[in-house]
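Notes for the one structure printed next.
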Amino acid sequence: MKRTALLLLALLLLAACAPRVWYKSGATSIQRDRDLAACRYEAQARFAEAVPPLGAFRVYVDVPFGTPYELERRVEEAADDAVRDAYRDYENALVRAYVNDCMEAKGYALVEER
């Protein structure tokens, strides 16, 4: 019983990891790659128009008086890293959503690679 459950779990995990590609009946791989590149370019341009650059965001950390300089720098760097990570996550989510909408508008569907 345990062996069967482990086998089913392994198969489920493998199926979830299957690569997915954009597919459109009659489209060549060159045409698909060109359309995908155009959608990605447009998505990056829209993101740049809608969201200020990362350098526009400032992080101010209120560190108690008397905190050692090294610790203060580490706290400031950690805050900067957190903002940078959040910015990149937001950018990736927006770009991915736009690319998906763009490719679907061109008639593509995201399917598991065969």
Problem - Hits in the stretch 37-73 (condition: in contact (Cβ under 8 Å) with a residue 24 or more places away in the chain and either surrounded by fewer than 11 Cβ atoms within 10 Å (Cβ to Cβ) or in contact with a strand residue (DSSP E or B) (Cβ under 6 Å, 6 or more places away or on another chain) (or both)) - result: Ala50
Handout entry: Conditions (1) modelled with pLDDT under 95; (2) surrounded by 10 or more Cβ atoms within 10 Å (Cβ to Cβ); (3) within 27 Å of Val95 (Cβ to Cβ); (4) not basic (Lys, Arg): number failed by Asp33
Key = (1)
Exercise for the section: Would you check if Ala79 is assigned to a helix (DSSP H, G or I), small (Gly, Ala, Ser) and surrounded by 13 or more Cβ atoms within 10 Å (Cβ to Cβ)? Expected result: yes
Practice task
Tell me which of these Arg84 doesn't satisfy, since it passes every other one: (1) touching a residue at least 60 places away in the same chain (Cβ under 8 Å); (2) assigned to a helix (DSSP H, G or I).
Solution key: (1)
Completion exercise
Quick count over the stretch 88-114, residues being surrounded by 13 or more Cβ atoms within 10 Å (Cβ to Cβ) and in contact with a Phe, Trp or Tyr (Cβ under 7 Å, 6 or more places away or on another chain), is 5
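If you take the residues of the stretch 87-114 that are aromatic (Phe, Trp, Tyr) and either without any contact (Cβ under 8 Å) to a residue 60 or more places away in the chain or assigned to a helix (DSSP H, G or I) (or both), which of them is nearest to Arg32 (Cα to Cα)? Write out each step before concluding.
Of the residues in the stretch 87-114, the ones aromatic (Phe, Trp, Tyr) are 87, 90, 98, 108.
Filter once more, keeping what is either without any contact (Cβ under 8 Å) to a residue 60 or more places away in the chain or assigned to a helix (DSSP H, G or I) (or both): 87, 90, 98.
Values: Tyr87: 29, Tyr90: 26, Tyr98: 16 Å.
Checking each candidate, the answer is Tyr98.
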Fill in the blank from the handout: Those residues of the stretch 62-96 which are over 25 Å from Ala48 (Cα atoms) and in contact with a helix residue (DSSP H, G or I) (Cβ under 9 Å, 6 or more places away or on another chain) amount to Val63, Thr67
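The values are calculated or read from the model by the stated rules, or taken from the named source; none is laboratory data. Keep in mind it's a predicted model, so treat the numbers as computed, not measured. In this analysis, Cβ positions are derived from the backbone assuming ideal geometry, glycine residues included, and neighbour counts consider all displayed protein chains.
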